[in-house]
Amino acid sequence: MATRAAWLLLGLLLTGRALTAQTTAVLAPPGGSGLRVGELSMVISLADASLELRRGEQCARWSLAIAQGGGWARPAQSRPPKITNGPDALSVEVTYPLDREREMTVGLMARRSEPIVHVTSSLRRLKGDISTESFAWSCDWAADRYVWPGVGGPSETLFDRAKAESLPHREWLWLPGDKGGLGVLPTNLWGHGASEAARVGFYLSALPRAALLGPGDALGASFAVTFADRPEAMTDVATAVRRVRDVLVTTGPRGFGAEAPIWMRLLEQFNVYYRPAADWTDEVVRGKLGRYELVIANAGDKALIDRCHTVGARVLCRVSYAVLFDPARVSDSPTGCQSLDRAGHPAWLCLDERGQPRVDEWGKAHGQPGGYYACLHQPDLVNAAEQQVRDLMALGFDGIVVDRAGPVPDCYGARLGRHRHELAAVSNAFQWQIVLDRVYSAAKRSTSDKVVVLHHGLGVVDSRWPICDAQLVEDRPYGAESADLAYPFTELDHLTRARAGVWGSDKAVMVVSNLAKVPTERITDAALFSYAWSRLSGFPWADSLSLDARDDARALSAQLADLRMEYTFGAMATVGPVRLRRFQGGIVLLNPSDQPFELTLPFPVQGPYVDLGHGPVTPVGTRVTLTMAPWSGRVLYLRRERAPSAHRVAPPAQPGR
């Protein structure tokens, strides 16, 4: 959410970059606040955050819906608006208390030179437990089609009004009305509901659509709007909006906590192997697992640790304390974890309002039955978790991955007189935060070189960075359930940008893809897209060994596992939709669009490069031209022997970047 200072800075930085000079004014209608730039005005209601955009007889209205208690709610009465009247821009910022734990802030901004209103909105969690939050804007401007920026000029698409549609992000949209049209520049997905009417309204999603928020965390949505007589005018509007958004990319101060060990911050690839200890044979470890710098296990076995360390691979153990499993089933399930034995500890079970143990319904639905949520108020459970972490570190593991680190349900055991809570006034989720903090300290007790990775299940939780070295996210960009991207690229890109924010490279975001469902004709493009996006983002990448399990991708799996890009040379560049960057070990390119694109690399290329999956590179002089398929990646790597793994027996050198 941009602050008033950011809006003022924006005015100073963009002075002189105008479309056409406009007269401006701050508006104060009854029960509202707003601004006018030229003939365009927008008013925000202080009662419920609804927006009204007007130009002459044209009018579009937006309402805000916030997920709450299984339904949707609207904001209530706001605090007094904050108005900034800068030399080149004016803005209005309104904050709406939602409850004791959350607030919504909506901002409007217009430059004096451009008939465009920029809208920002931010749902912030002030205190309390981690929870899943979501909100969206809906607009009553009805149309039967929309125009968007195609390759050769504006393209037009009819709405399928018979069904609800979630539509892909476009840089701009033009929705025709009786006279002219509404121009919208969103930041994420948009869509409409089913309707029998000839025209339908639309909604704009937050970015991302849903997120886990802890105290201090926020979920945002922004868009820019105007009225335009013709869709061709949207090109200039988009240029102006792009300048504003580039200026407003700001970050807060660095959070508390220690940086991750150097080996984790330099990690490029890892993988997961959730199998019984007996399956970690010398042949498997020296073969497909030994290619990786790090492997995650779910079996707590000294022999598998020693085998991994012998081939230079670190190994983490997957654990679960918020959900307790039957220890006998841990290695029988591909999603099992090391857990605590709940036998003989009835007070360890989290009880619902009826006094029944809370079953882990997610695990039950995903092939991991028999799990129960834990009552994290129990001191002996917390002590047992700490002791297990210390034992795993002593066994030789290089760290742990805490699974199910997200929200936990409350326990009614003390209220029903079934067991005792040491701190009866606090929630199970509050206790979970304390447990995670103690687990982190236990892992670091022997040496700071050990790591703690949190897996929340839905993205990254910013407020948890102080008690972990890395956070693991799955199904990015492909998941096991579909052959298509599991998340839209706008949300993948948001994760990339968030990683470069407060924490930068001090921590790691580890991403796990699964390419099992991708058809043969697309497997090379999809695998290279996954790898390229992760490498350009600075994320350690795993493919769940899904490529090695396919006859048509096993060779590609081995080639990818042997890649080492190492240090970057220069900033990321863009050519059309393609993003690319030079590394010490090669060049990585990404085409995150639904159109093929031909480009010539914007720098000379020298050396024996190989285009992975496509063959040797043949420059024309020192220039290389490539045609990239839609939603594809390319990796041009230098032919050389693979560098030795940097396990503790051969400590990695300090980075030069």
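The values are calculated or read from the model by the stated rules, or taken from the named source; none is laboratory data. In this text the structure is predicted, and so the values were computed from the model without any measurement. Neighbour counts run over all protein chains shown; Cβ positions are idealised from the backbone, glycine included. Surface accessibility is based on the protein's heavy atoms, side chains included, excluding ligands, DNA and RNA. Shrake-Rupley method; radii C 1.70, N 1.55, O 1.52, S 1.80 Å.
Observations, loosely collected:
- For the range 151-171, the count of residues that are in contact with a helix residue (DSSP H, G or I) (Cβ under 7 Å, 6 or more places away or on another chain) and small (Gly, Ala, Ser) is zero.
Quick grid of which residues meet (1) part of a loop (DSSP other than H, G, I, E, B); (2) modelled with pLDDT of 90 or more; (3) open to solvent by 40 Å² or more (accessible area, probe 1.4 Å); (4) not basic (Lys, Arg):
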position: Gly613; (1), (2), (3), (4): yes, yes, yes, yes
position: Thr618; (1), (2), (3), (4): yes, no, yes, yes
position: Thr627; (1), (2), (3), (4): no, yes, yes, yes
position: Leu636; (1), (2), (3), (4): no, yes, no, yes
position: Arg640; (1), (2), (3), (4): yes, no, yes, no
position: Pro651; (1), (2), (3), (4): yes, no, yes, yes
position: Arg657; (1), (2), (3), (4): yes, no, yes, no
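- Flag for Leu167 being over 29 Å from Val37 (Cα atoms) and open to solvent by less than 20 Å² (accessible area, probe 1.4 Å): yes
- Among the candidates Arg404, Arg476, Arg415, residue that is exposed (fewer than 15 other Cβ atoms within 10 Å of the Cβ) and part of a loop (DSSP other than H, G, I, E, B): Arg415
- Arg100 being basic (Lys, Arg) and part of a strand (DSSP E or B): no
- Matching residues, the range 584-603, being under 21 Å from Arg639 (Cα atoms) and open to solvent by 10 Å² or more (accessible area, probe 1.4 Å): Gln584, Phe603
- Any hit, the range 266-274, residues being in contact with a Leu (Cβ under 7 Å, 6 or more places away or on another chain), open to solvent by less than 10 Å² (accessible area, probe 1.4 Å) and free of Cβ contacts under 8 Å to residues at least 40 places away in the same chain: no
- Residue identified as open to solvent by 40 Å² or more (accessible area, probe 1.4 Å) and on the phi < 0 side of the Ramachandran plot among Asp160, Asp217: Asp160
- When Gly413, Gly417 are checked against the criterion of being at positive phi and at pLDDT 95 or above, Gly417 stands alone in meeting it.
- On inspection, Asp129 does not qualify as at pLDDT below 95, open to solvent by 60 Å² or more (accessible area, probe 1.4 Å) and among the acidic types (Asp, Glu).
- Looking across the range 74-89, the residues that are surrounded by fewer than 23 Cβ atoms within 10 Å (Cβ to Cβ), assigned to a strand (DSSP E or B) and in contact (Cβ under 8 Å) with a residue 60 or more places away in the chain come down to Lys82, Thr84.
- Filter result (loosely packed, with under 14 Cβ neighbours inside 10 Å, not aromatic (Phe, Trp, Tyr) and not in a helix (DSSP H, G or I)) within the range 554-571: Gly570, Ala571
- Screening Ile523 against (1) at positive phi; (2) touching an Asp or Glu at 6+ places or on another chain (Cβ under 8 Å) leaves a single unmet condition, (1).
- With a requirement of 1 or more residues that are of a type in the set (A, V, I, L, M), over 23 Å from the mean Cα position of the chain (by Cα) and under 25 Å from Pro592 (Cβ atoms), the strands (runs of 3 or more DSSP E) lying completely within the range 115-208 that satisfy it span 145-149, 173-176, 181-185.
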